[in-house]
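Engineer: Below: one structure in structure tokens.
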Amino acid sequence: MLFAAICMDKPDFFQVRARVRADHLAFVQSNAGRVKIGGPFLDDKGRMNGSLLIVEASDEADARRLLEGDPYAKAGLFERVELRAWRWTIGAPD
């Protein structure tokens, strides 16, 4: 089952994101089998201010456990995380 994780940064946490970004990217790479799509949200100045991840998990609790291991989450970057079951329809791989 797929889940969309919509993660919004705390205001003025640019330094935290920058400091932890390499560890976050390593985490995503090490979970490439489960993290299907990912990327940052941008503000009107092009600065990263959140993340969207599409993750594969057996259920919502499993998805939350995976996301809790993200260095961004461990660093307290996110103000809120919305997790929603999601179906890949347009542009889905064969």
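Engineer: Suppose each label sits 7 Å from its Cα in the direction of the beta carbon; what would the R34-D12 distance come out to in nanometres?
Structural biologist: In this crude label model, R34 to D12 measures out at 3.5 nm.
Engineer: Let me ask something additional. Can you tell me the dipole magnitude for region 2-86 around its Cα centre, using point charges on the Cβ only (Lys, Arg +1; Asp, Glu -1), in Debye to the nearest 20?
Structural biologist: Rounded to the nearest 20 debye, it is 220 debye.
Engineer: Could you give the spread of the C-alpha atoms of the chain along their three principal axes, from largest to smallest, in whole angstroms?
Structural biologist: The principal-axis extents, from largest down, are 38, 26, 21 Å.
Bear in mind these aren't lab numbers, they're just calculated from the coordinates by the rules spelled out. A quick note: this is a predicted structure, and the numbers were derived from the prediction, not measured. FYI the Cβ positions are ideal-geometry reconstructions off the backbone, even for glycines, and counts take in every protein chain you see.
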